[in-house]
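J.: Pasting a structure here, questions to come.
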Amino acid sequence: MSPKDLSGAELDLDDAPARAGELYLVDGNNLAYRAFYALPEDIATSEGFHTGALYGFTSMLLKLLSDYKPRGVAVAWDTRPVHREKILEAYKGTRKPTPDLLREQFPHFRPLVEAFGYTNIEFEGWEADDVIATLATRAEQAGVQTCIVSTDRDAFQLVSERVCLMMTPRGISEVQVYTPERVTARYGITPAQIPDFIGLKGDTSDNIPGVPGIGEKTAGELIIRYGSLEDVLAHASEQTPARRKKLEEFAQQARDRSCSRPFAATSRSISTRPRSSRLRPTAPSSRSSSGATSSVRCSVASIRSTWPCRGASRRPRAASPCAGARASCHSQPRERSQ
């Protein structure tokens, strides 16, 4: 069953928008977890090595290859989120440790990605969603039609006319694709308002505080009515006594850079070098169209340069190596604590 719009009608979230995608950005940790929990734990080799998550992960990559025929695919992986932990010590503090059966499969995900000719990428100190946000922003600026593959609802804020979001709500086979119009139909707000929406309601999965007592429905109604978190707080006196008290008491928590709002907005300008075996660095002095430093050393143009010419086979190819050279990469992506 599809999510419902504000009127209660089921949303049409077919994958037509994703079929126009040239570049696919996949949250590797997110997909690995989805695959692990979607399939039985007893899937294993004859030697007893569990392969359920690997099987599901491979199935999704095969689906991308056969159904969408992307010209470029980058799979982003988490590293320890030191930048967020510096701001909020309790970040993700309530998540459970990675299951042992999934942990033992993690060393094999990256080789799988490379076997497909896709690109593994990670940035020290940042999470996959920050990497994806940065690359999606740069791809949009370069005019590349992009599809993000993730079930992280923070990614709604990245959806635009050139960026769609593909979610896999039930295992890995069924997909739901969001465009700006579909995000608005579901929540009543634009993708640009998602950070304020999350900042107001918080995110229990990441142990991020918002305003206690305000859930998804109320947060959406308030953002629809007032437009932004700041305007909601400015009009706290117009709310019921109980809600007014909560908004006034936790206003600073909602605003404070040490609490929820910095985490609601994914970073779009990572300033460290990626760890990848198949990326060509751009010139350190390059600038984005907004004038901000383009500190991400992965060039969308370099990924595009390896795509086959029009009329040729559209089998996905890896992002270009740096003049044929291959940098060293980690043998194992860092698993995400749940």
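J.: Provide the gained length on full extension for the span E47 to D15, in nm with one decimal, where the gain is 0.36 nm per separating residue minus the Cα-Cα distance.
T.: Contour length minus the Cα-Cα distance gives 7.7 nm.
J.: Provide the packing ranking of 196-204, 70-78, i.e. peptides ordered by the mean count of other C-beta atoms within 10 Å per residue, highest first.
T.: Top of the packing list down: 70-78, 196-204.
J.: Relative contact order, percent, of the range 135-190 when contacts are C-alpha pairs under 8 Å separated by at least 6 residues?
T.: 26
J.: Is the range 132-260 rounded, prolate or oblate when judged by the Cα gyration tensor, a ≥ b ≥ c being the square roots of its eigenvalues, rounded requiring a/c under 1.5 and prolate requiring a/b larger than b/c?
T.: Here the range 132-260 falls in the prolate category.
J.: Starting from the amide H of V149, placed 1.01 Å from N in the peptide plane, find each other amide H under 5 Å away whose residue is 5 or more places distant or on another chain.
T.: For V149, the qualifying residues are L25, V26, D27, M166.
J.: Once you sort the root eigenvalues of the Cα gyration tensor of the range 1-154 as a ≥ b ≥ c, which label holds: rounded (a/c under 1.5), prolate (a/b larger than b/c) or oblate (the other case)?
T.: It is rounded, given that a/c, with a ≥ b ≥ c, falls under 1.5.
The numbers here are math on the coordinates, done by the rules we state, and not lab data. A quick note: this is a predicted structure, and the numbers were derived from the prediction, not measured. All Cβ positions, glycine included, derive from the backbone under ideal geometry; neighbour counts span all protein chains shown.
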